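Student: To start, I am sharing the structure in question, which I have written as C-alpha cells.
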Amino acid sequence: MIPTSHYLFLAAVLFTIGVIGVLTRRNLIIVLMSIELILNAVNINLIAFSRQLASVGGHVFAIFVITDAAAEAAVGLGILIALFRNRDTINADEIDLLKW
Amino acid sequence: MAQLVDLLHPYLLATIRVVVAFVILSLIVAYLAYAERKILAKLQVRIGPMRVGPHGLLQPIADVLKLLLKEDVVPAEADKIVFLLAPIISVVAVFAAFALVPFAPNFIITDVNVGILFLVGVSSLGIFGIILGGWASNSHYSLLGALRSTAQLVSYEVALGFAIVSALLLASTLSMRGIVEAQASRGIWFVFLQPVAFCILFIASIAETNRNPFDLPEAESELVAGFHTEYSGFRFALYFMAEYTAMILVSCIATVLFLGGWLRPFANTATFDFLDYTPIVVCAAATAWCVVEALRTNWRTQQFVLTLLALGAAGMTLLLLVPAVLAATQGVFWFLAKVFLFLFGFIWFRGTFPRYRFDQLMRIGWHFLIPVAIVNVIFCGIGLVLWQQHDWPYVPALWVGNLGTLLVAVLLLGRRS
Amino acid sequence: MGEFGITQTVLGADEIVLNMGPQHPATHGVLRVKLKLDGEKVIGSECIIGYLHRGVEKIGENRSYMQFAPYVDRTDYVAAVSNGLGYVEAVEKLLGIEAPPRARWVRTILAELQRIASHLVWLGTHALDIGAMTPVFYTFREREEILKIFERYCGARLTTHAFRIGGLQYEIYDGFEEDVKTFCRDFAKRVGEYEELLTGNRIWLQRTKKVGVLTPQQAIDLGATGPILRASGVKWDIRKAFPYAAYEQFEFDIPVGENGDTFDRYLVRMEEMRQASRIILQAVESIPSGPVMARIGKMIKPPPGEVYHSIEAPKGELGYYIVSDGSTQPYRVRIRPPSFVNLQTFDTMVRGHLVADVVAIIGTLDIILGEVDR
Amino acid sequence: MTFYQITFYFFATVMILAALLVITRRNPVHSAIFLIVTLLCVAGLYLQLRAEFLAAVQIILYIGGVMVLFLFVIVLVNLGVVVGQERFNRQWWVAGIAALALLVELGVAFYLGREGLALPTAPVEALQPNTERIGLALYQNYMLPFEIASLLLLVAMIGAVMMAKRR
C-alpha cells in the first residue's frame, strides 16, 4: 500500500512542472499542454484522497475536472486557431497588443 | 526467488493466454488478407492468388516474407523517431485491446469491470499511430490522409459510442463477460432487441476501420495511399496488420455486444442441440476438400502441402470427436464463426460500393448517424422504463423504442433529400 | 511535389495550388491539372497537356495515304476502329469514291462494337475513380469478347487497322455473324448488371448527381460533342446529322440527358451502349453480299483539294481535315479529336466543386491522352 | 518491494520524466507525445488506486479525445515553423525560481501536516463496485453540478466552433 502522502508529493511535483511550463514557454500550444499537466496533478490528489477517505466524491470531481479540461482544450485551441489565422503566430510574447 | 514466483504466479495463466491469442490472431490477420483477396476475386470473376501453395494458401507467408525483406525507407527530413514509432503505436493499441475480448467462457485473457470502456479507449489510441505517422512522413499526401483519417475516426467514434451505450443499457454491466452472460440469461441476442443500434454500430465500425465505402483516407484515386504513403517494408506491414486487426476487433465488439459472443444460435433450445456438432462437420468438410483437391492436382509439392493440411484437419476432426474437447471448443468456434461472418460483410461491401466524398461522409456521420444513435439511446431507455415500471412485456417494450428511432431516422432522411 | 506542391500550410492561406498529375492514378494517363483551391473547394483549374505528343499530324505529311492509316489508330487507342473509319472515309471522300455496301455494313458493325468497347473502358475506370472497384473487372470481361472478335477479324486487338481505303482488306471470317450475335445477346443482360450495381446505388447517385453540370449553351459554346453534349440535352449526333458508313439504314435512338451532370452523362453512355447493340443486331442480319473493296488504283493519288469529314466516335465528333496537293502524300492532315475539345469543358465543370469531384469529372469526360496530345 | 510499490514508483518516475520533457521539447508534436505518456501514467496510477472507471475515462476522453484534438491542431497549424525559434520567454528564470519556491512550500506544508495524512486508509473495497458508485453519486448527490458541467460543454462547443470558424 502506498501512503497518500506519496501521491500528494507526486502531484505537487507534477503541478510545479505544469506551472513552470505555463510561465516559461512561448508556444501557446505547449502552454495549454502545461495546463493539462496541472489539471492532472489536481486529479491525482482528488483520487488519492478519495481512496483514503473512502468517499466517491473525489472521483466525481475528477470527472468534472476532465470535463473542464475537455472544454478548456476545445475553446483554447479554437482561440489559438483564430489567433494563428489573424496574426500568423502562436507565440505568447508576440501577442502583446490589446487591440489590433 | 520464491518471492518472484509468488509475485508472478497470478500472471502465469494470463501470459499463456496472451501468447496463444497473439499467435492465433496474427495467423487470422495474415489469412484475412488472403481471404479478402480470394473473396474479392470471386466477386470480380477472377481467381485471385493461385501460385504459392495450393490455391495460393501459402500466399500470406510469402507476403510477410517479402515485406520483411524489403528496404525500410525513411523519407528525407522525416521526423525519424516519430516515423519509426507511429506504426508500433497502431499495432500495440489494437492488439492490447484484445486482452479484453471474451472469446469463450474458458478463454478470457482478463475481465475488467469497465471492460468495454477500456476496450474502446485502448483501441482508440491507434489514432495516434495514424496522425503521427502522417505528420512524421513529411509529405503532403500523408498529412492530408492522416488529417482525414483522424477527423473520420473522431466523428464516427461518437456514433459508435452511442450504439454501444444502447447495448450496455440492456446488459446493465460494462464487463465484456457480463454482457454475453446477460444475453445468455435473457435467452435473446441484443441484435433482436436493438436492431437499429446494431446497424449504427456496423456502419460506424466500417468507418472506424477505414473500409469501403468510407475508405477515404486511402482513396487511391485522390490521395495515393493516405497516411502510410511513405511507409515501406516492415513498417508498412505493421500498419497493414493494425488495420486488419482493427477489423477483427470491431467485429469482436459487435459480436459480444449484439450477437451473443460465444453463445450458440438457439443456445437455450434443446431441439437445436445438434448444432453442437458443427465444428466436427466443418473440420470434416475441410479434410474432404483437401483430399479432393490433392487428388485433382498433378503438382507434387501441392499434393504434399494438401496432404499435410488434410492430415491436420482430419486430426482436428478426430480430436473434436472427444466430447470434452468438443465442449471446450464450442465457445471459441461460435465466436470466431460470428466474427468471420462480420469480416465477410466488410469484404463484400468493399467489392460492392463506390466511395463517399469527404463532406458526404462527414454529413452522414454528424447529421444522420449521431442524431439517430442519440435518439436510439433515449428510446431504449424509454423502453426499459416501460418494461420495469409499467409492466410491459420485455421485447415489445424495446421494439416500441426501435420503431420510434426508425421514425426519427426516416424523418431525418426525408429532410435531407 | 516540388514547386507546384501545396505552397502554404493547410490552414494559413486562403488559396492553395494543388498539382494533380501527370503521375496520378486518377488522371487517366499523363494529364496534368493545376487546381486553385480555397480549402477543399476548386476555384480555378488549368489543364496542362502535351506529355504524350508524338506529332501524329506531322508524320501524316511524310507518309503516303495508305501508310498513314495505322498511325491514326494510335491516337485514341481504346477506339482504334473508329479512328480508322474516320480516316479512310475522309480519304475516300477526297478520292470521290465510295466503299461497296458490304464493306460499309461491316464497318458499321465494327465501329459500333468499338463504341461499346470504348464505353466499357470508360465505365470501368470511372467507377474505379469513384471507388467502386468491381465494375472494372466486369466491363473488361465484355470488352475482351469484343477484342476477340476484332482479333479474329483482322489479327489485332487494340490498334486494329481494320479498314482500308476503299473498303476492307479482309472478308469477314466464318462465324463472324454468330460471334457478334452471341455477344449482343449476352451484352443486353450484362448492361442490366452494371445498372444494378450503379444506377440505383445511393452512393453513386450522391457522387455523380449535380456534379460537373454543363448547361446546353455552355456545352455548345465550348464545342463539346458526343455524350457530353447530348447529356446536356442537345440532340446532336453525326450518325443522324451527316450519316456515314451505313447508318442511314438502321433504326436507333439518340439518348439525351436533362441536367448535364455526371450522372446524366453516365446514363447517356449506358443507353448508347444499348443502342449500339441494337444497330449491330440490325446490321448483322442484313449484311449484303458483294465485294468488300472498291476498285481503286495501287497508288492513291487524290486530286489537289481539301476535305473535312467527321464521324461520331465514341467520345464525340472525330474529324479529319486533309489537304491534298496532288501527290501521294497529304499536304496537311489535321485531326479534330473529341477528347481534346471536350477537355475544354473541364474548367467550367469543375469550378465550385470539391477536390474529390475533380476525379469524378475527369472520369466523366472520358478523355484519352493519346488523342488529346496526338 | 511489493507489486504495488514497483508499479507506483515506475509510473511516478516515468510520469515526472515525461512531464519534464513536455515542457522542454522544442517541437510541439514531441511535447504532445510526452504528454500522452504522462497521461497514460496517470491512468496507471488511477488503476492502482482502484479507480477503474476514471482510468477508462482518462484514456477515452483525455488521451483519445483531448490529445487527438491537440495533435490535430498542432499538425494543422505549424509544421516546422517552430524549429529554430527561442523555446523559452525572457522571464524564464524568474518563473522557474517562483515555481520551485512553490514546490518547496508545498513540500513543507506536507511535512508539517504529515500527522493529518497518516490517517488510517480505508479498505480497498470501500469504493467497489466503482462504476455503479460513481454513477449513483453523479445522478443523485451531484445532479446539479453534472447538469452545469454539461451546459459548460455545450457552451465550450459553441465557443470553439465560433472561434475556429472562417469568417
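Student: Based on what the data block shows, is B:Thr229 surrounded by fewer than 24 Cβ atoms within 10 Å (Cβ to Cβ), assigned by TED's automatic domain parsing to the domain that holds B:Phe95 and in contact (Cβ under 8 Å) with a residue 40 or more places away in the chain? Explain how you work it out, then say what you get.
Tutor: Values: surrounded by fewer than 24 Cβ atoms within 10 Å (Cβ to Cβ): yes; assigned by TED's automatic domain parsing to the domain that holds B:Phe95: yes; in contact (Cβ under 8 Å) with a residue 40 or more places away in the chain: yes.
Yes, satisfied.
To keep it simple, each residue is scored yes or no on (1) surrounded by fewer than 20 Cβ atoms within 10 Å (Cβ to Cβ); (2) in contact with a Leu (Cβ under 7 Å, 6 or more places away or on another chain).
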{"position": "A:Phe9", "(1), (2)": "yes, no"}
{"position": "A:Leu14", "(1), (2)": "no, yes"}
{"position": "A:Glu36", "(1), (2)": "no, yes"}
{"position": "A:Asn40", "(1), (2)": "no, yes"}
{"position": "A:Ala48", "(1), (2)": "no, yes"}
{"position": "A:Val60", "(1), (2)": "no, yes"}
{"position": "A:Gly78", "(1), (2)": "no, no"}
{"position": "A:Thr89", "(1), (2)": "yes, no"}
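Student: Find the residue count for region B:26-40, including only residues that are within 14 Å of another protein chain (Cβ to nearest Cβ) and out of contact with any Pro (no Cβ under 8 Å at 6 or more places or on another chain). Before you say what the answer is, go through the steps one by one.
Tutor: Kept after step one, since they are within 14 Å of another protein chain (Cβ to nearest Cβ), are these residues of region B:26-40: B:36-37, B:39-40.
Still in the list and also out of contact with any Pro (no Cβ under 8 Å at 6 or more places or on another chain): B:36, B:39-40.
Residues in region B:26-40 being within 14 Å of another protein chain (Cβ to nearest Cβ) and out of contact with any Pro (no Cβ under 8 Å at 6 or more places or on another chain): 3 in total.
Student: Name the one entry in A:Asn91, A:Asn86, A:Asn45 that is more than 7 Å from chain D (Cβ to nearest Cβ), of a type in the set (S, T, N, Q) and either touching a residue at least 40 places away in the same chain (Cβ under 8 Å) or within 24 Å of D:Val94 (Cβ to Cβ) (or both).
Tutor: On inspection, the qualifying residue turns out to be A:Asn91.
Student: Restricting attention to region A:58-67, which residues are over 21 Å from A:Thr16 (Cβ atoms) and more than 7 Å from chain D (Cβ to nearest Cβ)?
Tutor: Passing the criteria: A:Gly58, A:Phe61.
Student: While we're here: Out of all the residues in region B:129-139, which are within 10 Å of chain D (Cβ to nearest Cβ) and surrounded by fewer than 24 Cβ atoms within 10 Å (Cβ to Cβ)?
Tutor: B:Asn138
Student: If you take the residues in region C:222-244 that are closer than 19 Å to C:Ile361 by Cα and part of a loop (DSSP other than H, G, I, E, B), which one is farthest from the chain's Cα centre (by Cα)?
Tutor: The residue in question is C:Gly233.
Student: Which residues, counting only those in region C:29-76, are charged (D, E, K, R), within 30 Å of C:Phe163 (Cα to Cα) and not in a loop (DSSP other than H, G, I, E, B)?
Tutor: Listed by number, the residues that qualify are C:Glu57, C:Lys58, C:Asp73.
Student: Just give me the residues in region B:116-127 being within 7 Å of chain D (Cβ to nearest Cβ) and either under 21 Å from B:Phe227 (Cβ atoms) or among the aliphatic types (A, V, I, L, M) (or both), in sequence order. I'd like the intermediate steps shown before the answer.
Tutor: Here is the first cut: in region B:116-127, the residues within 7 Å of chain D (Cβ to nearest Cβ) are B:117-118, B:120-122, B:124-125, B:127.
Of everything in region B:116-127, those that are within 7 Å of chain D (Cβ to nearest Cβ) and either under 21 Å from B:Phe227 (Cβ atoms) or among the aliphatic types (A, V, I, L, M) (or both) turn out to be B:Leu117, B:Val120, B:Val122, B:Ser124, B:Leu125, B:Ile127.
Student: Moving on. Which one of these is free of Cβ contacts under 8 Å to residues at least 40 places away in the same chain and either among the hydrophobic types (A, V, I, L, M, F, W, C) or assigned by TED's automatic domain parsing to the domain that holds B:Val250 (or both): B:Ala328, B:Ala285, B:Ala267?
Tutor: Answer to the check: B:Ala285.
Student: Separate question: One residue is enough: does region C:245-257 have a residue meeting the conditions farther than 26 Å from C:Val180 by Cα, buried (at least 22 other Cβ atoms within 10 Å of the Cβ) and more than 17 Å from the chain's Cα centre (by Cα)?
Tutor: Yes, region C:245-257 contains at least one residue that is farther than 26 Å from C:Val180 by Cα, buried (at least 22 other Cβ atoms within 10 Å of the Cβ) and more than 17 Å from the chain's Cα centre (by Cα).
Student: Considering region B:369-417 alone, what residues qualify as being under 23 Å from B:Leu153 (Cα atoms) and among the small types (Gly, Ala, Ser)?
Tutor: Once the filter is applied, which keeps residues that are under 23 Å from B:Leu153 (Cα atoms) and among the small types (Gly, Ala, Ser), region B:369-417 yields B:Ala373, B:Ala409.
Student: Of all residues in region C:199-216 being assigned to a helix (DSSP H, G or I) and under 22 Å from the mean Cα position of the chain (by Cα), which is nearest to the other protein chains (Cβ to nearest Cβ)?
Tutor: It comes out as C:Thr208.
Student: If only one of B:Val385, B:Val395 is over 30 Å from C:Val136 (Cα atoms), of a type in the set (A, V, I, L, M, F, W, C), touching a residue at least 12 places away in the same chain (Cβ under 8 Å) and not assigned by TED's automatic domain parsing to the domain that holds B:Leu43, which one is it?
Tutor: Every option except B:Val395 fails the conditions.
Student: Out of the residues in region C:135-164 that are surrounded by fewer than 21 Cβ atoms within 10 Å (Cβ to Cβ) and in a loop (DSSP other than H, G, I, E, B), which is farthest from the other protein chains (Cβ to nearest Cβ)?
Tutor: C:His161
Student: Hey, another quick one. For region C:264-374, please list each of the helices (runs of 4 or more DSSP H) lying entirely inside it that holds at least 3 residues being more than 29 Å from C:Asn62 (Cα to Cα) and within 14 Å of chain B (Cβ to nearest Cβ).
Tutor: Details: elements: C:338-342, C:345-350, C:355-365, C:369-373.
Answer list for region C:264-374: C:355-365.
Student: So is C:Ser289 surrounded by fewer than 22 Cβ atoms within 10 Å (Cβ to Cβ) and among the polar types (S, T, N, Q) or not?
Tutor: Details: surrounded by fewer than 22 Cβ atoms within 10 Å (Cβ to Cβ): yes; among the polar types (S, T, N, Q): yes.
Against the criterion (surrounded by fewer than 22 Cβ atoms within 10 Å (Cβ to Cβ) and among the polar types (S, T, N, Q)), C:Ser289 qualifies.
Student: Here are some residues: C:Lys181, C:Lys189. Which one is surrounded by fewer than 17 Cβ atoms within 10 Å (Cβ to Cβ), part of a helix (DSSP H, G or I), in contact (Cβ under 8 Å) with a residue 60 or more places away in the chain and basic (Lys, Arg)?
Tutor: Among C:Lys181, C:Lys189, only C:Lys181 is surrounded by fewer than 17 Cβ atoms within 10 Å (Cβ to Cβ), part of a helix (DSSP H, G or I), in contact (Cβ under 8 Å) with a residue 60 or more places away in the chain and basic (Lys, Arg).
Student: Looking at D:Ile60, D:Ile6, can you tell me which residue is among the aliphatic types (A, V, I, L, M), modelled with pLDDT under 90, crowded, with 18+ Cβ neighbours inside 10 Å and at negative phi?
Tutor: Working: D:Ile6 fails: crowded, with 18+ Cβ neighbours inside 10 Å.
Step by step, each of D:Ile60, D:Ile6 is checked, and only D:Ile60 is among the aliphatic types (A, V, I, L, M), modelled with pLDDT under 90, crowded, with 18+ Cβ neighbours inside 10 Å and at negative phi.
Student: Take region A:1-35 and flag every residue that is within 23 Å of A:Glu94 (Cβ to Cβ), assigned to a helix (DSSP H, G or I) and at the interface with chain D (Cβ under 7 Å from one of its Cβ atoms).
Tutor: Across region A:1-35, the qualifying residues are A:Val19, A:Ile20, A:Gly21, A:Leu23, A:Thr24, A:Ile29, A:Ile30, A:Met33, A:Ser34.
Student: Among the candidates A:Ala70, A:Ala54, A:Ala41, single out the residue that is modelled with pLDDT of 85 or more and farther than 20 Å from A:Ile17 by Cα.
Tutor: Answer to the selection: A:Ala70.
Student: When B:Asn113 is evaluated against the numbered criteria (1) within 12 Å of another protein chain (Cβ to nearest Cβ); (2) in contact (Cβ under 8 Å) with a residue 12 or more places away in the chain; (3) out of contact with any Pro (no Cβ under 7 Å at 6 or more places or on another chain), which criterion, by number, is the only one it fails?
Tutor: (3) is the only condition that B:Asn113 fails.
Student: For region A:36-57, how many residues are part of a helix (DSSP H, G or I) and farther than 24 Å from D:Val108 by Cα?
Tutor: Of the residues in region A:36-57, 2 are part of a helix (DSSP H, G or I) and farther than 24 Å from D:Val108 by Cα.
Student: Now for a separate question. Could you figure out which of (1) surrounded by fewer than 18 Cβ atoms within 10 Å (Cβ to Cβ); (2) under 25 Å from the mean Cα position of the chain (by Cα); (3) part of a helix (DSSP H, G or I) isn't true of B:Ile89?
Tutor: (1)
Student: So which of B:Leu65, B:Leu13 ends up being modelled with pLDDT of 80 or more and in a helix (DSSP H, G or I)? Steps first, please.
Tutor: Numbers: B:Leu13 fails: modelled with pLDDT of 80 or more.
The conditions single out B:Leu65.
Student: For residues that are under 30 Å from B:Pro354 (Cα atoms) and away from chain B (no Cβ under 14 Å), tally how many sit in region C:165-188.
Tutor: 5
Student: Do you know which residues across region C:95-125 are buried (at least 23 other Cβ atoms within 10 Å of the Cβ) and of a type in the set (A, V, I, L, M)?
Tutor: C:Ala99, C:Ala103, C:Val106, C:Ile109, C:Leu110, C:Ala111, C:Leu113, C:Ile116, C:Ala117, C:Leu120, C:Leu123, listed by residue number.
Student: Here's something else I'd like to know. With respect to C:Ile254, is the statement that it is closer than 21 Å to C:Tyr194 by Cβ, touching a residue at least 12 places away in the same chain (Cβ under 8 Å) and assigned to a helix (DSSP H, G or I) true?
Tutor: Here the answer is no, as C:Ile254 does not meet what is asked.
The values are calculated or read from the model by the stated rules, or taken from the named source; none is laboratory data. Because the structure is predicted, anything quoted here is derived from the model rather than measured. Cβ atoms come from the backbone with ideal geometry, glycine included; neighbour counts cover every protein chain shown.
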